[in-house]
Amino acid sequence: MHFSYSDSWLDALLADDCPGLDLTVELLGIGSRTGTMRFAPKADCVISGVEEAELLLRKSGLDAQRHAANGDRLPAGQLCLEAHGPAAALHRSWKLSQTLMEYMTGIAGRAAHMVDQARAVNPGVSVAVTRKNFPGAKTICLEAALNGGAVIHRQNLSDSILVFEQHRAFLPGAAPTSMRALAAMMGKLRASTPERKIAVEVDSLEEALLLAKAGVDIVQCEKFACDTLAETVGALRTVRADIAILAAGGINGDNAAQFAATGVDVLVTTWPYFGKPADIKVTMEATGTEA
């Protein structure tokens, strides 16, 4: 698990799903009966969220045993987590733990697919996920992507410098002029932040070359066709062997290999976040009379 989770976060998740009594458990009078709950994926997967689910189960007062770690590749049906304790606690944490694992495993699986496809043709390429995740769910989205072998492009606005067209709108001149203005500022900008790398989004080979010659550290090529991207990579390498070249815009599991084959260093993507959750089967059985 790459991130830590506070007790308040775990408490808030549990309280959101069960803010008071579990009316079904109360009506049936089964809350104090003891039982065991088991989790297993229904299909082969890259499991994610199993460590977070373990925390939720323990937070509910259950005795939990985890049989896999986030990022493990599991075959269908392999037991990854189980818990023992009162039925009230089992039911309180059941759907929350299952749903968390399903969403996170879905993200991890898509990230792993992209990484596998890209590195089959370019072993040195990285797949980097953006901060365009569902608001409020950043940590679990990033954790899941990391579990699938991706890296983080940006966690937030405070961890890196990336100049977009929307920033250049406030610089002197229209689009071409503002890019030249940015290039002219590059020496001063780098001197102002010597411990940080500066990245700029570009829309053409000409913009990429302009910034490379100006000393930018990273160019992010936005929505380039693969042939144009390959040409840009070749041109930039002749100018600056040390420059980092990123490809962004529309990159997904179906075309990751094509973009990776252009020779870029990083594929920037949001694709792993959006898709079908995995299917995690949960079974329960009573093991005793009273807790």
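General remarks:
- Filtered residue count, segment 263-279, keeping only those that are outside any loop (DSSP other than H, G, I, E, B), under 9 Å from the mean Cα position of the chain (by Cα) and surrounded by fewer than 23 Cβ atoms within 10 Å (Cβ to Cβ): 1
- Residues (of a type in the set (Gly, Ala, Ser) and surrounded by fewer than 24 Cβ atoms within 10 Å (Cβ to Cβ)) located in segment 107-134: Ala112, Ala120, Gly124, Ser126, Ala128
- Tally, over segment 44-93, of residues that are part of a helix (DSSP H, G or I), touching a residue at least 60 places away in the same chain (Cβ under 8 Å) and within 20 Å of the chain's Cα centre (by Cα): 1
- Filter result for Pro172 (more than 11 Å from the chain's Cα centre (by Cα), modelled with pLDDT under 95 and either over 25 Å from Val282 (Cα atoms) or assigned to a loop (DSSP other than H, G, I, E, B) (or both)): yes
- Filter pass, Leu229 being more than 19 Å from Val121 (Cα to Cα), of a type outside the set (Val, Ile, Thr), open to solvent by less than 40 Å² (accessible area, probe 1.4 Å) and not in a strand (DSSP E or B): no
- Segment 57-77 - residue that is open to solvent by 20 Å² or more (accessible area, probe 1.4 Å) and aliphatic (A, V, I, L, M) and, of those, nearest to Met101 (Cα to Cα): Ala69
- In the set (1) among the acidic types (Asp, Glu); (2) surrounded by 15 or more Cβ atoms within 10 Å (Cβ to Cβ); (3) without any contact (Cβ under 8 Å) to a residue 40 or more places away in the chain, Asp254 fails one condition alone, (2).
- Within segment 135-169, tally of residues that are of a type in the set (D, E, K, R), part of a helix (DSSP H, G or I), open to solvent by 50 Å² or more (accessible area, probe 1.4 Å) and within 30 Å of Thr99 (Cβ to Cβ): 1
The values are calculated or read from the model by the stated rules, or taken from the named source; none is laboratory data. Because the structure is a prediction, the values reported are computed rather than measured. Reconstructed Cβ throughout: ideal geometry from the backbone, glycine too, with neighbour counts over all protein chains shown. Each accessible area value is taken on the protein alone, full model and side chains, heavy atoms only, with ligands, DNA and RNA left out. Shrake-Rupley method; radii C 1.70, N 1.55, O 1.52, S 1.80 Å.
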